[in-house]
Amino acid sequence: MIYFKLMKVFFKENFSLKRIIGTDIKASKTKAILLGLLIVYSLGVILFGSGYLFFDLGEILAQANMENLLLDFVFIYATALSLFFVLFRANGYLFHYKDFDILQPLPIKSRVVILAKLTVMLAFIYLSIFIIISPIVFSYFYHGGFNFFSFVFLIALMLMIPLIPLIFFSFVSLLIANFSSRFRFGKALNLILMFVFFLGVLFFSTSMSFENENPLLGQMNIMETLSKIIPTARWFNEAVHDLNVLSLLGMIGLSLGLFVGFVFLIEKMVIKTNQLGMNVRVRKSNKAFVSKSRNIIGNIIIKEVRKFFSVTVYVFNSGFGPIMMAIGGVAILIFRERVIEMIGFFEGTSLSLEVIILVILGFMISTVFTSAISLSLEGKNFWILKSIPVKAETIMFGKLLFNVLIAAPFAIFALLMSSIAFNFSFVNTLLMVVYLVGFCFLSSGLGSIINLYFPKFNYVNETEVVKQSIGALFGMFVNFLIIVINGFMYYYLVEYLGFTLVLLLVILVNLALSVFVYFFIKKMAQGVFNKL
């Protein structure tokens with residue numbers, strides 16, 4: 001059957017280990033070991049980080065015989081994750097997929113291609129959802145008692161949850177893309193609309209999260225309210241907790257019915273939007289071309305800026321941290337008391353306010369890892385970089401510096417606003433600024449090394465590099481590792497040296513590591529370029 005043949009091709013194209021990593025790990029045991037450690041680390045952070053909170057919440061609810069409320073968390077979290085994945089991926093999977101010009105002339109029904117594309121997108125959504133909600137499911141069955149039929153009902157309905165968000169937010173994604181494309185700065189407008197939507201939902205979902213010792217308790221009211229408003233949420237709860245067969249059949253029937261109708265409904269729309277996407281729009285301009293002379297590093301940075309803003313998922317992924325730091329810097333001054341209340345959640349850790357601010361900013365900076373993927377994004381044009389008379393180390397330094405310029409100014413702004421709000425001393429503020437800049441250089445340098453070791457030039461779309469590549473995963477991992485190492489140094493030395501001296505020592509250590517990383521890049525870059 002042609003559907004299954006397409007499925008095999010699409011899955012191999014999107015989910016093969018070689019495509020995700022960008023290289024064959026069989027050729028290197030070191031890469032295989034590093035990948036294994038990364039997967040274990042990532043799963044550990046997700047399962048044990050959120051798992052502890054949900055286990056504690058399950059214990060509280062079980063005491064009140066209300067453990068079924070955990071199912072509301074399962075449904076709402078799974079729906080929200082589906083919503084965001086669809087919003088940012090539907091356009092690339094359905095309405096502007098790059099192999100349209102290859103598939104369309106073939107004697108294959110369009111709805112079969114669409115169904116195969118949807119299946120691949122759903123597979124990615126299912127994988128993400130089952131990993132994220134597994135701690136909630138464990139807490140529910142641990143505290144409420146395991147029931148085989150409840151578990152089977154839950155698995156069956158988990159497959160249904162993403163279908164309705166897929167239907168509605170595929171259209172939302174298309175509307176945003178089509179609306180923004182009508183304007184001269186369409187991509188910028190598209191990014192703004194995406195960020196506004198995402199930040200609005202984020203603010204709405206976290207506005208009540210810090211009222212209690214367990215932040216999840218602050219979400220109880222909104223979870224209960226949404227579960228009463230959304231019929232499928234109520235059916236999900238009744239089917240799993242009460243083993244209500246009618247609710248089970250109702251949710252499966254509604255979800256599958258709407259999904260099948262959706263596949264037939266959008267067939268012509270998918271063809272039309274993909275055809276329109278192949279048109280090349282030419283804008284006439286009478287302005288004379290002006291050539292400006294810049295130094296090599298400046299040209300590399302400008303090139304990186306253009307690439308950055310030309311890929312929506314790139315901006316959204318690496319631009320989230322800087323935007324949050326900018327918003328947070330303003331919010332700290334306006335909502336100072338509220339921020340103090342939220343930061344009070346960390347009181348049990350005995351950390352000073354300065355350290356808490358540095359940790360938060362460190363995590364925000366960790367979301368910026370362009371240096372770990374920017375070389376891969378050169379794709380098939382990498383040969384141009386190899387052919388130009390510019391040293392490989394200079395190219396990598398330019399990419400490294402671009403990463404620093406994205407993160408450091410916003411981090412410094414947020415820190416200065418925090419210093420004004422909380423009256424940090426001048427010396428501590430100055431040292432904190434130097435620490436953040438050094439952290440940005442060190443993390444950017446390590447990101448460049450990662451990208452040199454794990455390049456991924458063979459990709460269908462940029463999303464594979466930005467979100468699914470080994471460079472992206474390791475890029476965030478090493479940033480977290482720097483925070484952990486710095487944290488251990490602070491924890492074991494602050495009692496003897498005090499905050500100021502410990503911070504100065506950490507700065508010197510990070511500086512020494514940054515110098516070592518720079519010379520390592522300088523030594524290995526040209527050799528790696530020649531091999532690629």
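The values are calculated or read from the model by the stated rules, or taken from the named source; none is laboratory data. For clarity, every value in this text was computed on a predicted model and none was experimentally measured. Cβ placement follows ideal geometry from the backbone for every residue including glycine, while neighbour counts extend to all protein chains displayed. Surface areas here come from the heavy atoms of the whole protein model, side chains and all, with no ligands, DNA or RNA. Shrake-Rupley method; radii C 1.70, N 1.55, O 1.52, S 1.80 Å.
Figure legend. Inter-residue proximity from the range 107-121: first residues over 11 Å from residue 2 (Cβ atoms), second residues open to solvent by 30 Å² or more (accessible area, probe 1.4 Å) and outside any helix (DSSP H, G or I), beta-carbon distance below 9 Å, spacing 6+ or different chains. Indicated pairs: 110/104. The residue of the range 242-272 that is farthest from residue 76 (Cα to Cα), among those that are crowded, with 20+ Cβ neighbours inside 10 Å and in contact (Cβ under 8 Å) with a residue 24 or more places away in the chain, is 270. From the set of residues in the range 80-124 that are among the basic types (Lys, Arg) and in a helix (DSSP H, G or I), which is farthest from residue 162 (Cα to Cα)? Here the answer is 111.
Taking the numbered list (1) within 23 Å of residue 466 (Cα to Cα); (2) open to solvent by less than 20 Å² (accessible area, probe 1.4 Å); (3) among the aliphatic types (A, V, I, L, M) in turn, residue 114 passes all entries but (1). Scanning the range 117-131 turns up no residue that is among the small types (Gly, Ala, Ser) and crowded, with 18+ Cβ neighbours inside 10 Å.
Checking 226, 217 one by one, the residue that is hydrophobic (A, V, I, L, M, F, W, C) and at pLDDT 65 or above is 226 and no other.
Cβ-Cβ contacts under 8 Å between residues 6 or more apart (or on different chains), taken from a first residue in the range 147-174 that is crowded, with 20+ Cβ neighbours inside 10 Å to a second residue that is part of a loop (DSSP other than H, G, I, E, B), are listed as 153/243; 170/266. Residue pairs whose Cβ atoms lie under 7 Å apart, separated by 6 or more positions or on different chains, with the first residue in the range 393-412 and among the charged types (D, E, K, R) and the second surrounded by fewer than 24 Cβ atoms within 10 Å (Cβ to Cβ), are 393/521; 393/522; 393/525; 393/526; 399/300; 399/304. Considering the conditions (1) open to solvent by less than 20 Å² (accessible area, probe 1.4 Å); (2) modelled with pLDDT under 85; (3) small (Gly, Ala, Ser), residue 352 is excluded by exactly one of them, (1).
Restricting the range 120-143 to residues that are modelled with pLDDT under 85 and among the β-branched types (Val, Ile, Thr), which is farthest from residue 158 (Cα to Cα)? Within the range 120-143, the match that is farthest from residue 158 (Cα to Cα) is 120. Across the range 56-84, the number of residues qualifying as surrounded by fewer than 22 Cβ atoms within 10 Å (Cβ to Cβ) and within 30 Å of residue 465 (Cβ to Cβ) comes to 6. The C-beta contact set for the range 76-90 (first residue touching a residue at least 24 places away in the same chain (Cβ under 8 Å) and of a type outside the set (A, V, I, L, M), second residue crowded, with 19+ Cβ neighbours inside 10 Å and outside any helix (DSSP H, G or I), distance under 7 angstrom, 6+ apart or interchain) comprises 79/161; 82/161; 82/162.
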